Amino acid sequence: MSSLYSTQGAARSNRMPRIAGAAVERARLSVVPVARTRAAKVPFVSLVTVLLLGGVVGLLLFNTSMQQSAFAATSLEQRATVLSARQEALASKLERLRDPQEIARRAQKMGMQVPAAPLFLDLADGTVSGDAARATLGARLPLDPLLPARPSELDPPATVVTPPEGVLGDQRGGGSGGGDGGKNKQDEKKADKKAEKKSEKKSEKKSEKKKDKKNKKND
Amino acid sequence: MPTTRPMPSHEAAARRGHPHFRLRVGFVLIAMVLSVFAGRLVQLQGIDPKAYAEMAAAEGMDEMVLPAQRGAILDRNGEPLAQSADGLMVVADPALVNTDEEGQEVDRAPELAKFLSGKLDVDYFTLLQRLRTESRFQYVARGVPAATATKVVDRAEELGFDGLSTWRDPVREYPADDVAANLVGFLGTPLADGTPQPLAGFERTFDELLSGTDGSARYAMAAGNKLPLGDNTVVEARDGQDLTLTVDRELQWYAQRVVRQTVQQARGDSGLAVVMDSRTGEVLALADHPTYDANAPLASDEADLGSRAVSDVYEPGSVSKVLTMAGLLDAGKVTPRTRLTVPGSLARQDRTIGDWFPHDTIRLTLAGVLAKSSNIGTVLASDKFEDGQMRRYLAAFGLGSATGAGVRGESAGILPDPSLWTSQTQDRIAFGQSVSVNALQMTAAVNTIANDGVRIDPSLVRGSATTDAGEQVGTDQATTQQVVSAEAARKTALMMERVVDPEAGVAPGAQIPGYRVAGKTGTAQRASSECGCYDGTFTVSFAGFAPADDPRFTVYVVVQNPRNGGGGGSVAGPAFAKITGYALRRYAVPPTGTPASDLPVEW
């Protein structure tokens, strides 16, 4: 258009109104009414709402379930710790039972002994190789160390006091002759003391016997 | 009521002040407050912002150590000699213990001490004292199995005791107590952060292999739970490796019990036994007495915490006659039937050599010299060696050099230097004096005879492992060396068989019913370092192998200073028979069924 105007610039003064008029005539545009297609608002709004709500609720649920599983993980971890501790305790108890010393102790309790040498039974022909007479000679193996010897300090020599002559006889005489209550009471007390001493001695002896038994067990 | 309404007076206007003035004051105040904020901002962001950022990050983060499990020490069959378990320490906060719910001070120490001493095996009075100490941290018990500790602390909480908590404290268990404790060693009380303190034995030598590397984990935590999408970094722990020994736990146990019985019956100072697989040089048992309980090492004497079999040296005595004979046979100087005229005593350059039994001039074969353990006969035979030949043989048998089996504190023993080697020295060394050995060395030397003249380095570790001194030890590193010919070794074994013969030899007690046994007794005077002389005490020993014609086990038993007057044959011989018999049974070695050696001992 601009090139058209510029080339025909000389004839502009007289021709222009006519041409322009025709152009205007040709170019007259009428306003067309806008055909507005109104989309329904409701589905869109509800879609957005659903998406938003769904997102929020989903996120919430997801978060909750994550949190839930975190709790579960913690409690399961704790349980695993407890169980592995228990497993370890049981394993160490088992190891204690498998200790060769423990096995030997139980075997000896059943009367088993370690033989001097092995014997071999040939399953094919039923012959026994080895020195059968002497191989069976078992020996009881002492499983525990000997108890340390009792230090002599614990058994001091008994102190023997010889009373001056006559003193013992006098007391006896007094005791048998006197009839008053005071002396009787004293005698009773003496008797009590003697009884106490006896019982003490007995218990000592018992404990000694027990010790002897223990020693024998250890032998 | 317009008349009563007060008009804004001049006073009121003055009180409110001028608006300009009020505005300025307001601005100044705001500016002051803002400049405080600005200053704080500069302080936070300008000066050391990293520390604050870290503090912010650490808020809500939980960092924990992922402990590496210490490797176990296993025997040749995979039985544990030492193993680790997750232990806990129980600690108390005495301040919290002695406070009731209202915050009042009460004395709950006796109650709690009573409860805990019953459950945790700790002393009541020690605990009571600790719980009454003015502090916030007191140990109650250490190294408690995790299950027990948790149970006890939970129960205490149920009973209303406050202030108890548990912390990680790994436990090292030695399920068989004193079995192989001399080799395995022990750990001391771990440091506060749970780092173990290896103090002795393989625990210390192979600590690097056993200990592993701790890992760590960082989590974002809230109320004791990990945040699901929070930061977390985990560096996995690298567990320690297991160490497998060549020792057989059952055999080791039996050997230890037999050695203890033998030492106690002979009223000796100490004793030891070594059992070696003749073909591989693997040590199946290395027993020491006295030894210690690895679970309670402090209860024993410090001198008993190692292995005397490797750390102590002594003069081997007549056992080393075997080595002399094998050398002579290999050099082709003698045969087992070589005839020797043995006088009652033999005057040499500086001293007179005698025998352990009084005799006139007797006529013994070389086999007889060994069977009767005649010093004079051995010296006469060893005269046939050329110069330096005997020393070369003994050095090849491994005398005078450490075995390198990996045991801490090994003494190499003494084989006199060639410059100090005189004919007198040679005389004495021929029957086992003036030379000192450790028991493992001597076992390996005798095993050379059992293994067709090939010496194998003794080993205690299966495979290969690096010691803390940087040496590689183990079965993979064991080297072999032909010391004497197979023929010489076989002939020596035949001569050694005569030692246990009831008529020809001196050690019938070492017989194993049904088997051919080759062995040699040793009864050596003990040199005292105090007086620099022989102090009148003895080392008695017995070394041998069975079956004599196809050896499987080489066993060496030594008892130091027996006070019952016994010699190698009567003290160590029966112990040898018991241990070897047990080994033959355990490994199901049948008797060879061949007739025993009948070499003549006299002519």
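Laboratory data are not the source of any read-out in this text; all were calculated from the coordinates shown. Everything quoted here is computed from the prediction, not taken from an experiment. Virtual Cβ from ideal backbone geometry, glycine too; neighbours counted across all protein chains shown.
Between A:ALA132 and A:ARG26, what is 0.36 nm times their sequence separation minus the Cα-Cα distance? Round to one decimal in nm.
Extra length from A:ALA132 to A:ARG26 when fully extended: 24.3 nm.
Taking the Cα centre of the range B:138-247 as origin, work out the dipole magnitude from +1 charges on Lys and Arg Cβ and -1 charges on Asp and Glu Cβ, in debye rounded to 20.
180
Could you work out the helix-only [θ] at 222 nm for the protein assembly as shown, with each DSSP H run of four or more residues adding -39,500 (n - 2.57) and the total divided by the number of residues, to the nearest 500 deg cm²/dmol?
Mean residue ellipticity at 222 nm (helix-derived): -13000 deg cm²/dmol.
To the nearest 0.05, how large is the calculated FRET efficiency for B:THR126 and B:GLN104 if R₀ is 25 Å and r is the Cβ-Cβ distance?
According to the calculation, E is roughly 0.40.
Can you tell me how the range B:387-499 classifies by the Cα gyration tensor, rounded, prolate or oblate, using a/c under 1.5 as the rounded cut?
It comes out oblate by the Cα gyration axes.
How far apart, in nm, are two points set 7 Å out from the Cα along the Cα-to-Cβ line at B:TYR534 and at B:ARG490?
Inter-label distance under the simple model: 3.7 nm.
Once amide H atoms are placed 1.01 Å from N in the peptide plane, what residues at a sequence separation of 5 or more from B:ALA548, or on another chain, have their amide H within under 5 Å of its amide H?
Amide H neighbours of B:ALA548, under 5 Å, 5+ apart: B:ARG516, B:VAL517, B:ALA518.
Would you mind working out the magnitude of the charge dipole of the protein assembly as shown relative to its Cα centre, with +1 at each Lys and Arg C-beta and -1 at each Asp and Glu C-beta, to the nearest 20 Debye?
3240
Using only the Cα atoms of the range B:475-543, what are the Rg and Dmax in Å?
Radius of gyration, then largest Cα-Cα span, for the range B:475-543: 16.8, 46 Å.
How far apart, in nm, are two points set 7 Å out from the Cα along the Cα-to-Cβ line at B:THR335 and at B:ASP417?
4.2
Extending each Cα 7 Å along its Cβ direction at B:ARG238 and B:VAL36, get the distance between those two points in nm, one decimal.
5.5
Could you count how many Lys pairs in chain B have their Cα atoms under 12 Å apart, skipping same-chain pairs fewer than 8 positions apart?
Lysine pairs meeting both conditions in chain B amount to 5.
In whole percent, what relative contact order does the range B:451-603 give with Cα contacts below 8 Å and a gap of six or more residues?
19
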